[in-house]
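Take a look at the structure set out below.
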Amino acid sequence: MKYLIAIFILGLPAFAQDGQLSLGGTVGNSKTGEPVRRAMVTLSRISGDVSSALKPVVRTAFTDSGGSFRFTGLPTGEYSIVAEKPEFTADSAPGQPFLTPFDLSASTENVNLKLSPLGVITGAISDQDGLPLPYVSVMALSAQIQDGLRQVKSDRTVTTDDRGVYRFWNLTPGRYYVKAAGLAGGASEYVGDTLPLVGDENFASVYFGGAHTFDSAVPVVIEPGSEVRADFAVTVERAYRITGTAEGFVSRRAVRFELLNGADDVSATRVSINSDTGKFVAGPVVPGSYLLRATQDDSSAEVPLTVMSADLDGVAVTLAPPVEIPVVTQFTNAPDTADSGPMRFAASLCNPILRRVGTPGVLRNPFPKRPAQPGGAVVIAGVSPGRYSVSVQCFGAYPRSATSGAQDLGVNPMLTVLPGVTPAPIQIVATYGGGSIAGKLMPDGASALDQASVLLIPQFPSPAGPQLAPAFRSPDDPARLRFQFAALAPGSYTAWAFATRDIEFRNPEFLRTLSAGVVVQIDGNDPKELSIDGVVH
């Protein structure tokens, strides 16, 4: 694996002849200050004068034992320089040279590049008697906020050795959540009528620090070049098997199984399936409530189940292809005739956004099949069976209501898609126009809040849900942070200002922690001004 840092060298009017310049410098370890030997440095000319335009310059060199490199015979022009070495990544600390452009109109020997060493997480896993546990699947996870939801990504999975020891190496500095997921396993195929043997012991997946859910987990912070110890003591207990039959799949092709406990994938569970008959066995599984998900290509199935103090047999899993959900939008008024341009209709569409529960990052929307005129039907294609949270995003309008059959999605935004069953169409009623808010942040030190944002929550059932607006600086008053919202439905709202834009504003648990916001009332299309003094850090 290679990691890059770059310096952009901007060309100015040359006063040296082509081929007469030199460039040299060093590559250093940002953690220890020591030189980095055998780092590869690549120099590329981006542009030059007309006479040399057809003479590309790409040079590479390796640093010596003192971390030094040098290029000679260079023409004038605009250059970039890149340093890389395994087990290192770019050092992006403020003040590093690659953040400050400089020119190569004259020779220079003082280019100083910095590389940061990668980190390590290591530890041992033992049972309640202090005995090491080999063959345990250990996962390093990271998280980021996208569209108001925390998205969890599995960065690496390793298995403990015969001493119960695991090790993640070459980790980019950051925050990681380490999980002992259970005995290592995965999906496999078998033949014949005899089910593969399943063990009778396992442990409930647990995060470093003792939490059993991601929301309660304590992160492990990796600094450049650091090695962090994260040991686990788990409780091994009696575990059971799950047997059943999968239907609706293509034989002799892989079927992926997931066993979800809440939003956590108990991915270490062993699953074996007969690719001819569909019979499968999963386990060993400790007692608890789970969601068994099977996937093959675009087809999938989800089955809720509970494992108690015995094997669970006869589970039926029927894979079904994805469905299409029709969407119809009706507007209660005509668009503003002052906006008669060709983009008027496109800017006034309302689109339901579906987020699959338990699968971070899965979004479905009808953009690929947008109608030519508003009010026409579109479809949300490729919707697999499962549970989805629904919100409605409009442009140039606001949603008054959204329903699916008898279900009011403004009151209950959770939509369940059953295997092979097309849900009732999503009916959206919207109104062109809407109110607006132009606001500013007034706290002390607001000039330092470069990533501030404002969260606006309707205090009435709304299919649009909460909205987050980034704070920005206007050219006429750069010291003051401003924000704005448009196309707001009439009603009462509460606003909060945050020092960050990484806000889980679509997480009901997070919203319940908020209090003492600023209340604003929207009436018709009237614009409102709002000032917020306090900022949540």
For region 465-522 and region 150-185, distance of Cα centres in Å:
36 Å
Taking amide hydrogens as modeled 1.01 Å from N in the peptide plane, which residues meet the under 5 Å criterion relative to residue 270, leaving out close sequence neighbours?
186, 283
Around residue 151, which amide H atoms from residues at least 5 apart in sequence, or from another chain, sit under 5 Å from its own amide H, with H modelled in the peptide plane?
144, 145, 146
Quick one: if you stick a label point 7 Å off each Cα along the C-beta vector at residue 165 and residue 537, how many nm between them?
4.2 nm
Evaluate the distance, in nm, between pseudo-label points positioned 7 Å from the Cα of residue 511 and of residue 333 along their respective Cα→Cβ axes.
2.6 nm
Could you pull out every one of the aspartates and glutamates with an alpha carbon less than 12 Å from that of residue 179, ignoring same-chain neighbours closer than 8 positions?
155, 231, 264, 265
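Give the dimensionless ratio obtained when the Cα radius of gyration of region 120-318 is divided by 2.2 N^0.38 Å. Kindly include the intermediate steps, with their values, before the conclusion.
On the way: Rg = 17.5 Å, N = 199, 2.2 N^0.38 = 16.4 Å.
Output field value: 1.06.
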Taking 7 Å along the Cα-to-C-beta vector as the label spot, tell me the residue 395-residue 254 distance in nanometres, rounded to one decimal.
3.8 nm
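Using only C-alpha positions, report the orientation-averaged shadow area of the convex hull of region 114-223, nm², one decimal. Mind showing how you got there, number by number?
Details: hull surface 41.2 nm².
Convex hull of Cα atoms, orientation-averaged projection: 10.3 nm².
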In what sequence, highest mean first, do 146-154, 482-490 appear when ranked by Cβ atoms within 10 angstrom?
482-490, 146-154
Charge dipole (debye, nearest 20) of region 120-318; +1 at Cβ of Lys and Arg, -1 at Cβ of Asp and Glu:
340 debye
Derived scalar couplings ³J(HN,Hα) [region 134-149; Karplus, 6.51 cos²θ - 1.76 cosθ + 1.60; whole Hz; x for Gly, Pro]:
x, 6, 9, 7, 10, 10, 9, 10, 9, 9, 8, 9, 10, 6, x, 10
How big is the Kirkwood radius of region 435-532, worked out from every pair of different alpha carbons and given in Å to one decimal?
13.8 Å
Quick one: which residues, 5 or more positions from residue 225 or on another chain, have an amide H under 5 Å from its amide H? H modelled 1.01 Å from N in the peptide plane, none for Pro or chain starts.
118, 119
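Quick note: the coordinates plus some simple rules give every number you see, no bench work behind them. Keep in mind that this is a model prediction, so the values were computed, not measured. Don't worry about glycine lacking a Cβ; one is built from the backbone with ideal geometry, like all the others, and counts go over all protein chains shown.
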